[in-house]
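Asker: Let me give you the structure first, and then I'll get to my questions.
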Number of protein chains: 2
Amino acid sequence: MSAWTLPQPMNRALALAEEAAALGEVPVGAVVVRGGEVIAEAHNAPRETHDPTAHAEILAIRRAAQALGDERLTDCELWVTLEPCAMCAGAIVHARIGKLYYAASDPKGGAVENGARVFEQPQCLHRPEVYSGMGEGRAADLLRGFFKERR
Amino acid sequence: MSAWTLPQPMNRALALAEEAAALGEVPVGAVVVRGGEVIAEAHNAPRETHDPTAHAEILAIRRAAQALGDERLTDCELWVTLEPCAMCAGAIVHARIGKLYYAASDPKGGAVENGARVFEQPQCLHRPEVYSGMGEGRAADLLRGFFKERR
């Protein structure tokens, strides 16, 4: 029996989350893909950079927009290991990300299927297609392990 | 008769919004203050920088955190000319901003008293004190003038 293979961008996002954990950052990773090509990637880095906005999604979106020379990422996908928070969901709207894939849901901090449900607001200017759950076991294990070690 | 004088940080935020308009950016300005001292300031700059996250608040928060070498801005105030969006409200939470002052409300894009109402979510980890309205006339005039010229 073989385990189902995760799509490559989610595998990469999980590897980035592992890199974050090794640096003492909350383990979340994100990858921006366009037409099958990786445009940008990042892991969570607020502690290292003294930047409260340095979530993996924000960094990956900023790098992708820089790389493409365009503040709109309409034909891009964002792959991330955890449900985006309100800040990151808002950035996804501003960047006009076409498709969002996230692994684990986040009842405490998420703002897609939880909390502020940013994309469900009537005023929301752009709604990405959202797919969740693939890789959620690995993503959640990483987070649980990280916080357990620190307790 | 004398017009009521706006507090200096809001005056500065409005001047920054005017600078943004002159550069073709949506006119919003923001200032971070601690103990009466300006720590950081910024105007909206997503077009100039090809960065969809480059709202005035995000830039001012990032600069303040860099200046203080700390991702937490607990004893800081954020003064901004427009009601923050979901992205910026989320950043305010992550940065633990103590007090938020904003001029004009934003029924279309705001997420404090409108839309996602980020600080009112039960899961919200930090709620700044919020004061709104001072300077709202000037802030709203700037925005109206900007969008009227572009129509």
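Asker: Would a scan of region B:105-112 turn up a residue that is in contact with a Phe, Trp or Tyr (Cβ under 9 Å, 6 or more places away or on another chain) and within 21 Å of B:Asn11 (Cβ to Cβ)?
Answerer: no
Asker: A further question on this structure: Looking at region A:115-130, is at least one residue at pLDDT 95 or above, surrounded by 19 or more Cβ atoms within 10 Å (Cβ to Cβ), more than 7 Å from every other protein chain (Cβ to nearest Cβ) and part of a strand (DSSP E or B)?
Answerer: There is no residue in region A:115-130 that is at pLDDT 95 or above, surrounded by 19 or more Cβ atoms within 10 Å (Cβ to Cβ), more than 7 Å from every other protein chain (Cβ to nearest Cβ) and part of a strand (DSSP E or B).
Asker: Out of all the residues in region B:31-46, is one or more under 27 Å from A:Asn44 (Cβ atoms), at the interface with another protein chain (Cβ under 8 Å from one of its Cβ atoms) and free of Cβ contacts under 8 Å to residues at least 40 places away in the same chain?
Answerer: Within region B:31-46, one or more residues are under 27 Å from A:Asn44 (Cβ atoms), at the interface with another protein chain (Cβ under 8 Å from one of its Cβ atoms) and free of Cβ contacts under 8 Å to residues at least 40 places away in the same chain.
Asker: Say we look at region B:88-108 and pick out the residues that are open to solvent by 20 Å² or more (accessible area, probe 1.4 Å) and at the interface with chain A (Cβ under 7 Å from one of its Cβ atoms); which of these is nearest to B:Glu136 (Cα to Cα)?
Answerer: Here the residue is B:Lys108.
Okay, residues lined up against (1) farther than 16 Å from A:Arg12 by Cα; (2) touching a helix residue (DSSP H, G or I) at 6+ places or on another chain (Cβ under 9 Å):
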{"residue": "A:Ala56", "(1), (2)": "no, yes"}
{"residue": "A:Leu73", "(1), (2)": "yes, yes"}
{"residue": "A:Trp79", "(1), (2)": "no, yes"}
{"residue": "A:Ile97", "(1), (2)": "yes, yes"}
{"residue": "A:Leu125", "(1), (2)": "yes, yes"}
{"residue": "A:Pro128", "(1), (2)": "yes, yes"}
{"residue": "A:Ala140", "(1), (2)": "no, no"}
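Asker: Within region B:141-149, is even one residue within 14 Å of chain A (Cβ to nearest Cβ), among the basic types (Lys, Arg) and open to solvent by 40 Å² or more (accessible area, probe 1.4 Å)? Reasoning before the result, please.
Answerer: Taking region B:141-149 first, the residues within 14 Å of chain A (Cβ to nearest Cβ) are none.
Within region B:141-149 (the criterion being within 14 Å of chain A (Cβ to nearest Cβ), among the basic types (Lys, Arg) and open to solvent by 40 Å² or more (accessible area, probe 1.4 Å)), the answer is no, since none of the residues qualifies.
Table: residues versus (1) touching a Gly at 6+ places or on another chain (Cβ under 9 Å); (2) among the small types (Gly, Ala, Ser).
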{"position": "A:Ala21", "(1), (2)": "yes, yes"}
{"position": "A:Gly29", "(1), (2)": "no, yes"}
{"position": "A:Val33", "(1), (2)": "no, no"}
{"position": "A:Gly36", "(1), (2)": "no, yes"}
{"position": "A:Glu57", "(1), (2)": "no, no"}
{"position": "A:Ile61", "(1), (2)": "no, no"}
{"position": "A:Gly69", "(1), (2)": "no, yes"}
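Asker: Restricting to region B:56-87, name every residue that is facing another protein chain (nearest Cβ under 7 Å), open to solvent by less than 10 Å² (accessible area, probe 1.4 Å) and either among the β-branched types (Val, Ile, Thr) or over 23 Å from B:Pro27 (Cβ atoms) (or both).
Answerer: Scanning region B:56-87 gives B:Ile58, B:Ile61, B:Ala65.
Asker: Then there's this: For region A:26-38, enumerate the residues that are closer than 23 Å to B:Ala91 by Cβ and either basic (Lys, Arg) or surrounded by fewer than 22 Cβ atoms within 10 Å (Cβ to Cβ) (or both).
Answerer: Let us first name the residues in region A:26-38 that are closer than 23 Å to B:Ala91 by Cβ, namely A:26-32.
Within region A:26-38, just A:Val26 meets the criteria.
Asker: Being part of a helix (DSSP H, G or I) and under 17 Å from A:Leu78 (Cβ atoms) is the filter here; which residues of region A:18-56 pass it? Walk me through how you get there before you give the answer.
Answerer: So in region A:18-56, the residues part of a helix (DSSP H, G or I) come out as A:18-22, A:46-49, A:56.
Result: A:Ala20, A:Ala56.
Asker: So B:Thr53 passes all but one of these: (1) more than 9 Å from chain A (Cβ to nearest Cβ); (2) surrounded by 24 or more Cβ atoms within 10 Å (Cβ to Cβ); (3) of a type in the set (Ser, Thr, Tyr). Which condition number does it fail?
Answerer: (1)
Asker: Name the residue, out of B:Ala22, B:Ala3, that is at pLDDT below 95, at negative phi and open to solvent by 30 Å² or more (accessible area, probe 1.4 Å). Reasoning before the result, please.
Answerer: On the way: B:Ala22 fails: at pLDDT below 95.
Just one listed residue meets the conditions, B:Ala3.
Asker: Hey, another quick one. Any residue in region A:133-151 that is within 17 Å of A:Ala30 (Cα to Cα) sitting within a Cβ distance under 9 Å of a residue that is loosely packed, with under 12 Cβ neighbours inside 10 Å? List the pairs, counting only those 6 or more apart or interchain.
Answerer: Partner pairs satisfying both residue conditions: A:Met134/A:Trp4.
Asker: So the check is Cβ under 6 Å with 6+ separation or different chains; which pairs have a first residue in region B:93-121 that's touching a residue at least 40 places away in the same chain (Cβ under 8 Å) and more than 19 Å from A:His94 (Cα to Cα) and a second one that's open to solvent by 20 Å² or more (accessible area, probe 1.4 Å) and not in a strand (DSSP E or B)?
Answerer: Going by the 6 Å Cβ cut-off, the qualifying pairs are B:Ala103/B:Glu136.
The values are calculated or read from the model by the stated rules, or taken from the named source; none is laboratory data. All values derive from a computational prediction rather than experimental measurement. Please note: Cβ atoms are built from the backbone with ideal geometry, for glycine as well, and neighbour counts cover all protein chains shown. Only protein heavy atoms, including side chains, enter the accessible area calculation; ligands, DNA and RNA are left aside. Shrake-Rupley method; radii C 1.70, N 1.55, O 1.52, S 1.80 Å.
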